[in-house]
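The values are calculated or read from the model by the stated rules, or taken from the named source; none is laboratory data. Keep in mind that this is a model prediction, so the values were computed, not measured. Heads up: the accessible areas ignore ligands, DNA and RNA and are worked out on the full protein's heavy atoms, side chains in. Shrake-Rupley method; radii C 1.70, N 1.55, O 1.52, S 1.80 Å.
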Amino acid sequence: MPDHNPAPHPTKHGAPSLSPPDAGAVLDLFRRVRRETEELAAPLSPEDQTVQSMPDASPAKWHRAHTTWFFETFVLAPHLAGYAIFDPAFGYVFNSYYEAVGPRHPRPSRGMLSRPGVAEVAAYRAHVDAAMERLLAAGDEAVAALAVMGLHHEQQHQELLLTDIKHAFSLSPLHPAYLPPPAPPSASATPMGWWLAEGGIHTVGYEPSGAALDFAFDNEGPRHEVLLRDHALADRPVSNGEFRAFMEDGGYRKPALWLSEGWALAQSAGWEAPGYWQRLDGEWHVMTLHGLMPVHDDEPVAHVSFYEAAAYAEWAGKRLPTEFEWEVAAQRHAGTGQPAGGARPHPRPLLTGIRQDVWEWTASPYSPYPGYRPQPGALGEYNGKFMINQMVLRGRSCATAEGHDRPSYRNFFPPQARWQFSGFRLAEDA
Ligand SMILES: [Fe+2]
């Protein structure tokens, strides 16, 4: 997710790896993804869409416009003869972090953009959509590959739209609900089991399937071999109930469990629970996109930093998995876990399996794979320049667009980040 991450904005674009697309399939995907963004923004008022609650988060209106700017800048301007830029001033306000494209509005000041308003942003989207329809109908392969990349970029921003408005709403004493609360969950988490994995040489990284519209970001390759030791990986992430046991055992008050940086941050920030948790009348509640709700023990713990995940693992006598242990498990246990169903505002109760409703912190720093080279040009800025001071998260979350996740997908955030749906699962050496 790009313009998303803290510091700069870690997004992940990269050289697309795309099978020969068919124009009709690309057009269908384009219409679906662009429509889904508008559907996600629909419950938000113009005021909701303008607020920026912290430098890491962006206004919903900005996400809608920035994803549009991406198509205008990288697809339409260079490839559609006679294309008329909607508003030349938008290049300054909706460029996220592309140095090669020019100067830009400061990220922390995106909430100052009362204009363009939501109606003008809608008109901008319609203008670009109409031009993209004309361009995609021509069936050019290079254009189709760029468009598919732009759609995966937009899906990353769809998730950010949800996590960013959740953060904004969490700061309101009115506890606004993005959507009405669902019926209380009836399922309960299955007990945590362990997948035993034999050590040896394993191959990781993106492998093209040959399917139409197959895609991966450049940071998922090159495919290469890694050496794993015998280990066991938990068959599901840690639950709220399990994390509460860590809290009740004084986990947030025992420096021996914590990495030094994490302990210092937990002290200075006053952390005593995951993000969005608050105690009301002696009971833990959590701010969600459905408003304030009681904490449900059978859901995966979410909105924890890498530091909290590492402290919990230390307390449990386990460790966090490496990203390669996770990926090899994902290859073996494909199809297990949560059923598909599209982005949703809140995690479901845990099920055994690899596919879950929270991103999973790993013990792996976000670094290039052997042989990785960013592609030349502005889009080479998508992933490579963020490969420092961030940790890899694997999997997906409840807010991830359908079809956006895959075993080789590498999300990344700084270790202190808590506003994404970030949880974790445990591992141990055999
Ligand atoms: Fe972006």
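The listed residues Ile201, Ile388, once ranked by accessible area (1.4 Å probe) with the largest placed first, stand as Ile201, Ile388. Between Gln356 and Gln338, Arg396, the built amide H atoms are under 5 Å apart, and every one of these is 5 or more places off in sequence or on another chain. Start at zero, step by 10 Å, and the Cα-Cα distances of the stretch 294-430 spread as 12, 41, 36, 11, 1 percent across the bins.
What the phi angles of the stretch 287-293 give under the Karplus curve with 6.51, -1.76 and 1.60, with θ = phi - 60°, is a coupling list of 6, 10, 6, 9, x, 7, 9 Hz, glycine and proline written as x. On a C-alpha basis, how far is the centre of the stretch 240-256 from the centre of the stretch 135-173 in Å? Whole number, if you could? Value for the Cα centre distance between the two parts: 36 Å.
Near Phe412, the amide H atoms lying under 5 Å from its own belong to Leu393; only residues 5 or more places off or on other chains count, and H is placed 1.01 Å from N. Distant-in-sequence amide contacts of Ser364, defined by a placed amide H-H separation under 5 Å and a gap of 5 or more residues or a different chain, comprise Glu323, Val392.
Across all Cα atoms of the stretch 194-429, the radius of gyration (one decimal) and Dmax (whole number) stand at 17.8, 57 Å. Under a Gaussian network description of the chain, with springs only between Cα atoms under 10 Å, the residue in Tyr366, Tyr98, Tyr276 that fluctuates furthest is Tyr98. Expressed as a whole percent, the proportion of Cα-Cα pairs in the stretch 207-340 lying more than 20 Å apart is 59%. Remark: the stretch 11-170 is approximated by an ellipsoid whose semi-axes, taken from the C-alpha gyration tensor as √(5λ), come to 26, 16, 15 Å, largest first.
For the stretch 134-149, 3J(HN,Hα) computed residue by residue from phi via the Karplus equation (6.51, -1.76, 1.60; θ = phi - 60°) reads 5, 5, 5, 5, 6, x, 6, 5, 5, 5, 4, 5, 5, 5, 5, 4 Hz, glycine and proline entered as x. Calculated on C-alpha atoms, the gyration radius of the chain divided by its Kirkwood radius gives an Rg/Rh of 0.96.
Evaluating 6.51 cos²θ - 1.76 cosθ + 1.60 at θ = phi - 60° for every residue in the stretch 375-384, the Karplus couplings come out as 5, x, x, 4, 5, x, 7, 4, 10, x Hz, glycine and proline recorded as x.
The 1.4 Å probe gives accessible areas that order Lys61, Lys318, largest first, as Lys318, Lys61. Restricting the count to DSSP beta bridges whose residues both fall in the chain, what percent are antiparallel, rounded to a multiple of 5? In the chain, approximately 90 percent of DSSP beta bridges are antiparallel ones.
Centroid-to-centroid, using Cα positions, the stretch 35-107 and the stretch 285-357 are 30 Å apart.
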